Structure formats: C-alpha cells, structure tokens
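The values are calculated or read from the model by the stated rules, or taken from the named source; none is laboratory data. Just so it is clear, the structure is predicted and the values come from calculations on it, not from any experiment. When we count neighbours, we look across all protein chains shown, and the Cβ atoms used for this are built from the backbone with ideal geometry, even at glycine.
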Amino acid sequence: MSGDRRGPFVVAHRGASEEKKEHTLAAYDLALREGADGLECDVRLTRDGHIVCVHDRRVDRTSTGTGIVSELDYETLKGFDYGDGAEPADLLTLADLISLVLDWNSKPTKLFIETKHPVRYGSLIESKVLAELHRFGIAQPASADHSRAVIMSFAPTAVWRVRRSAPMLPTVLLGDTSHYLGGGAATTVGATAVGPSIKSLREHPSIVDRAAASGRATYCWTVDEKADVELCRELGVGWIATNNPGRTKAWLE
C-alpha cells in the first residue's frame, strides 16, 4: 500500500455512498465505474459466523429491520431490505464484495476492510476475514504494494493479529493523533499505514511526514470537501476515503 506526491489515490467510503445507499452492490459498482482506486467496507459477524458489510452495531439505520448484527443469524438479516426504498438492495457479504473487486477488469482495485471493535466475538472477526481472503487467494500477496486487500481497525490489537498471521498484507491503524504523533502504537503493532481523520490532519499536518519518516503511508478519512482534497494532495497523503469518489477524482485531475 503505497502512495506518492502524485496522489492521493481515491477510496470509495462504503461505496459511492453519497449517491447510493452505503454498503450496497449498487454503491460499489458506481464507485468502480467512477474510477475509484479502492473500495472501503466495514465488516461484522452474524450470530452464525457470516461476515457481513454493516457499519453500525445495529441494522436499524441502514435496513428495514431492527436488531443487533451479532445477535441475528444470516438468514434473518438477509430478509431485510438494505436499499433506499426506491432501489431495493440485498445484504452485502464480504464474499460478494471481494468477488466484485476481483471481477472488475478495468484496473486493479484495492479493498480496504475495516474490522469493528469492540465486538461480541472479539478476535474471531480477524480470523474469519483472513480465512475469506485465503479462500479467494489474496491473503498472501507477493508484496504489500501488489496486495488487493488492506485490513484496517481502530483497535491496535486487531492490526497486530493481522500482521502476525498475514505479514504481507498491508494494514492501517485508524484513530486520533495520539497514535501517530509519537509513532508509538503504529510501530508497536507493525501497521504499514496510519489513518487519521481529516479533522486530525488539519490540526496536525505533520502526521504525514512523520508517518513517511517511519516508512508508513497515510490513509485519511472522510474527505469530501475540495479544500480538504487539496490539503491531502499538498501534504502527500497516499489514500483518501470519500463518499463521492467520482467528484473527488475529478477534483484531482
């Protein structure tokens, strides 16, 4: 996972989620057609161990159903509509999204997978995600730069587990500035990139150079304003997550 001063590369945050309902195939398909360099998703485990792309602990905000993801089985969750009313959408699994990315022929696209914590099943989410990446043959890339998947988390322990089990997979430690300014947590867990919010980056632009000095890329979220896109480009941020990848790509041209 590398970036350079010609970047940043554009990651579609939950798909093209400003235009389509988040975490739906329609949102990710639009992001790919708009030229996104990467797709971002959040993953959780259902009660019966399926990996689903849902940001919140509950499905109330994003579906016609109600309840906690980890307390519901896959068949129950699959029965809800995750669309916007006018455009119905099925529950998206990580396998669905990996297939979409690998089948996309226009250009290689990276999948940025965020594991949520704290969660009921603890480290099982990382184990399940790595098993799925192995199943698709993308858990052991030849190098981090050529990897099709990136694992991210706000939990340092989650990043450490991935680095220990799949050392060639790039990882992002997400969080506030305390993780980056001293370099402590990112160094300890072996993260290959740091992931500050755009607010943190505005307040502490030196994050990017400090990360680069320790051999790490920078992934910034969630960058939707033109001035922030320009700031990221000026600072040399490698990857930016945005809800509108098409517009952001146009700004960068």
Next item on the list: Name every residue in segment 140-163 that is assigned to a helix (DSSP H, G or I) and under 11 Å from residue 126 (Cβ atoms), in order of residue number.
Entry: 157, 158, 159, 160, 161, 162, 163
Notebook entry, point to check: Based on what the data block shows, is residue 246 outside any loop (DSSP other than H, G, I, E, B) and closer than 30 Å to residue 132 by Cα?
Noted result: yes
Item checked: Hits in segment 64-86 (condition: touching a residue at least 24 places away in the same chain (Cβ under 8 Å) and either part of a loop (DSSP other than H, G, I, E, B) or touching a strand residue (DSSP E or B) at 6+ places or on another chain (Cβ under 8 Å) (or both)) -> 69, 70, 72, 73, 74, 77, 82, 83, 84
Note to self: So in segment 216-228, with the set limited to residues that are buried (at least 24 other Cβ atoms within 10 Å of the Cβ) and aliphatic (A, V, I, L, M), which one is nearest to residue 144 (Cα to Cα)?
What the structure shows: 217
Next item on the list: Quickly run through segment 114-139 and pick out the residues that are closer than 22 Å to residue 239 by Cα, in a loop (DSSP other than H, G, I, E, B) and touching a residue at least 60 places away in the same chain (Cβ under 8 Å).
Entry: 116
Note to self: Out of the residues in segment 63-113 meeting the condition of being farther than 21 Å from residue 34 by Cβ and under 18 Å from the mean Cα position of the chain (by Cα), tell me which one is surrounded by the most Cβ atoms within 10 Å (Cβ to Cβ).
What the structure shows: 91
Notebook entry, point to check: So which of 91, 111, 97 ends up being in contact with a strand residue (DSSP E or B) (Cβ under 9 Å, 6 or more places away or on another chain), at pLDDT 95 or above, part of a loop (DSSP other than H, G, I, E, B) and not aromatic (Phe, Trp, Tyr)?
Noted result: 91
Item checked: Matching residues, segment 87-98, being without any contact (Cβ under 8 Å) to a residue 24 or more places away in the chain and polar (S, T, N, Q) -> none
Notebook entry, point to check: Just a yes or no: is a residue in segment 38-60 under 24 Å from residue 242 (Cα atoms), touching a residue at least 24 places away in the same chain (Cβ under 8 Å), among the small types (Gly, Ala, Ser) and part of a helix (DSSP H, G or I)?
Noted result: no
Check: If residue 130 satisfies every condition in (1) within 17 Å of the chain's Cα centre (by Cα); (2) surrounded by 21 or more Cβ atoms within 10 Å (Cβ to Cβ); (3) of a type in the set (A, V, I, L, M, F, W, C) but one, which is the exception?
Finding: (2)
Notebook entry, point to check: Which of the residues belonging to segment 182-207 are in a helix (DSSP H, G or I), under 20 Å from residue 248 (Cβ atoms) and under 19 Å from the mean Cα position of the chain (by Cα)?
Noted result: 198, 199, 200, 201
Notebook entry, point to check: Given (1) polar (S, T, N, Q); (2) surrounded by 15 or more Cβ atoms within 10 Å (Cβ to Cβ); (3) over 15 Å from residue 219 (Cβ atoms), where does residue 153 come up short, assuming only one miss?
Noted result: (3)
Note to self: I'd like the residue in segment 25-62 that is of a type in the set (Gly, Ala, Ser) and crowded, with 21+ Cβ neighbours inside 10 Å and, out of all such residues, is nearest to residue 91 (Cα to Cα).
What the structure shows: 27
